[in-house]
């Protein structure tokens, strides 16, 4: 039997993805100080972020940061199980630990094992889940068994038969029922991942990395960036709280599905705060005061956010008519308090060096005024379609007709759309602008003909606003 001495961490918090504990063990074997909290924060799992579709999840690469702690420098895929086993044996004899990828559907110790729900949740209509391969580490093998470390979610360390391991290692791409599942990465058969430290961290380097993580987190939270990519937008830091408040507007459409979506949005906001709490606790161990105080204060902040979610659940069950107003007041105060807390943290780490970004970041994060208006108009059209059953053909992009000889909106739907656009313009630029003038709608060259003509009209109107009026 080939086996390496191995006593890894098994008590991993449930909210960590499967790769972080494995990366943590690899970095330690490479002589670098590591922790789960810092690993997660180095990928900005600790920063609130969401998409314009209301999906709360990390979007690290949207902000164009370089990898500060670790990187994947090699991904292999073998032609056969025997070829993969030969490589595994060589690695175990020389280096010790190997990360492999496969499907949890074929791991006999896990909840996904041959479970039809594993497939159903990925292929059912409307599923937001993406199909990804599962990571685990191999630390030993003999002729009959492979010895694996798989702490998330199974908390398993031990033997798997070579037959079961082979089925796992074939990966998700060999499960025919999953061919229609959404994917966000390349799936592999008999795949391996090679991990290395970007910089080997000693005690001093680790402390500096903690400071950089805290400074980057505070900077991004306070900045509250919006990133536009194509027809999609992504929100970060305090902008996520603003997105929640927009969904709670009294004039927003209210039905059971909308209430459910708001509840899910508020619930999922907790995950980034859990990761950041872990970073703060690590900072309290390694850095001077006041980080122990920050841990206590942020823990209280988490409790307040979770209490807000409980109040929402109670209000939904009781069908309280004014639940939006009540929750808006609570969230508004929470958002203001959280921002002030981050400002204090930023002051503490104002001289720390933040994570490095690539040179294209500023260009991506600073859209032109026309692009901002484009996003507002497209979002407003999408809102009208979804919540008012409007017939705007957004698949035509900027040429989508709105009103007039080719348009499909009636006068009432046009007024509703323009009211939503006006609110979006005021939120983005701090400028009040009146669009609902039906005389303009009846002009031969009405600005309301298409999505593009409306954007051009708005851009021309805003061009003459005093510069100080634009937020």
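Here the condition is being at pLDDT 95 or above, surrounded by fewer than 17 Cβ atoms within 10 Å (Cβ to Cβ) and touching a strand residue (DSSP E or B) at 6+ places or on another chain (Cβ under 7 Å); of 138, 198, it holds for 198 alone. Checking each residue in the range 106-122 for being in a helix (DSSP H, G or I) and within 22 Å of residue 140 (Cα to Cα) picks out only 106.
Checking the range 273-283 against the condition returns no match, with no residue being more than 17 Å from residue 221 (Cβ to Cβ) and surrounded by fewer than 15 Cβ atoms within 10 Å (Cβ to Cβ). Restricting the range 252-288 to residues that are over 22 Å from the mean Cα position of the chain (by Cα) and modelled with pLDDT of 95 or more leaves a set whose member that is nearest to residue 214 (Cα to Cα) is 283. When residue 76 is tested against the conditions (1) touching a strand residue (DSSP E or B) at 6+ places or on another chain (Cβ under 7 Å); (2) buried (at least 17 other Cβ atoms within 10 Å of the Cβ), the lone failure is (2). Scan the range 52-91 for residues that are under 15 Å from residue 357 (Cα atoms) and without any contact (Cβ under 8 Å) to a residue 24 or more places away in the chain and the total you get is 2. Of everything listed in (1) surrounded by fewer than 21 Cβ atoms within 10 Å (Cβ to Cβ); (2) in a helix (DSSP H, G or I); (3) within 17 Å of the chain's Cα centre (by Cα), the single unmet condition for residue 228 is (2). Does residue 424 satisfy the condition of being without any contact (Cβ under 8 Å) to a residue 60 or more places away in the chain, within 20 Å of residue 460 (Cβ to Cβ) and not in a helix (DSSP H, G or I)? It is false that residue 424 is without any contact (Cβ under 8 Å) to a residue 60 or more places away in the chain, within 20 Å of residue 460 (Cβ to Cβ) and not in a helix (DSSP H, G or I). Residues that are touching a strand residue (DSSP E or B) at 6+ places or on another chain (Cβ under 9 Å) and either assigned by TED's automatic domain parsing to the domain that holds residue 247 or surrounded by fewer than 21 Cβ atoms within 10 Å (Cβ to Cβ) (or both) do occur in the range 386-395.
Candidates are the residues of the range 353-392 that are at pLDDT 80 or above and in a loop (DSSP other than H, G, I, E, B); the one that is nearest to residue 208 (Cα to Cα) is 353. Candidates 86, 162, 137: the one that is within 26 Å of the chain's Cα centre (by Cα) and at negative phi is 137. Could you tell me whether any residue of the range 196-216 is closer than 19 Å to residue 77 by Cα and touching a helix residue (DSSP H, G or I) at 6+ places or on another chain (Cβ under 9 Å)? Yes; the residues of the range 196-216 include at least one that is closer than 19 Å to residue 77 by Cα and touching a helix residue (DSSP H, G or I) at 6+ places or on another chain (Cβ under 9 Å).
A single member of 53, 76, 89 is assigned to a strand (DSSP E or B), modelled with pLDDT under 95 and over 16 Å from residue 152 (Cβ atoms), and it is 76. Flag: residue 22 matches the condition of being within 12 Å of residue 149 (Cα to Cα), in contact with a strand residue (DSSP E or B) (Cβ under 6 Å, 6 or more places away or on another chain), in the same structural domain as residue 89 (by TED's automatic domain parsing) and in a helix (DSSP H, G or I).
Among the residues of the range 140-153, are any assigned to a loop (DSSP other than H, G, I, E, B), within 24 Å of residue 32 (Cα to Cα) and assigned by TED's automatic domain parsing to the domain that holds residue 99?
Quick first cut of the range 140-153, residues assigned to a loop (DSSP other than H, G, I, E, B) only: 142-144, 151-153.
Within this subset, residues satisfying the condition of being within 24 Å of residue 32 (Cα to Cα) are 151-152.
Among the residues that remain, those that are also assigned by TED's automatic domain parsing to the domain that holds residue 99 are: 151-152.
Yes, the range 140-153 contains at least one residue that is assigned to a loop (DSSP other than H, G, I, E, B), within 24 Å of residue 32 (Cα to Cα) and assigned by TED's automatic domain parsing to the domain that holds residue 99.
Criterion applied to 241, 263, 272 was being in the same structural domain as residue 218 (by TED's automatic domain parsing), in a helix (DSSP H, G or I) and more than 24 Å from residue 40 (Cβ to Cβ), and the one residue passing it is 263.
Checking each residue in the range 127-137 for being out of contact with any helix residue (DSSP H, G or I) (no Cβ under 6 Å at 6 or more places or on another chain) and within 19 Å of residue 95 (Cβ to Cβ) picks out only 136. Among the residues of the range 289-336, those that are surrounded by fewer than 13 Cβ atoms within 10 Å (Cβ to Cβ), over 27 Å from the mean Cα position of the chain (by Cα) and under 19 Å from residue 265 (Cβ atoms) comprise 314, 317, 325. Scanning the range 417-441 for residues that are farther than 22 Å from residue 226 by Cα and surrounded by fewer than 19 Cβ atoms within 10 Å (Cβ to Cβ), we see that the one that is modelled with the highest pLDDT is 419. When each of 109, 149 is tested for being crowded, with 21+ Cβ neighbours inside 10 Å and over 30 Å from residue 55 (Cβ atoms), the lone residue that passes is 149. In the condition set (1) over 21 Å from residue 61 (Cα atoms); (2) buried (at least 20 other Cβ atoms within 10 Å of the Cβ); (3) not assigned by TED's automatic domain parsing to the domain that holds residue 102, residue 213 is compliant with all but (1).
The values are calculated or read from the model by the stated rules, or taken from the named source; none is laboratory data. What you see is a predicted model, and the numbers here were worked out from it, not measured in a lab. A quick note on method: Cβ atoms are made from the backbone with ideal geometry, for glycine too, and the neighbour counts reach across all protein chains shown.
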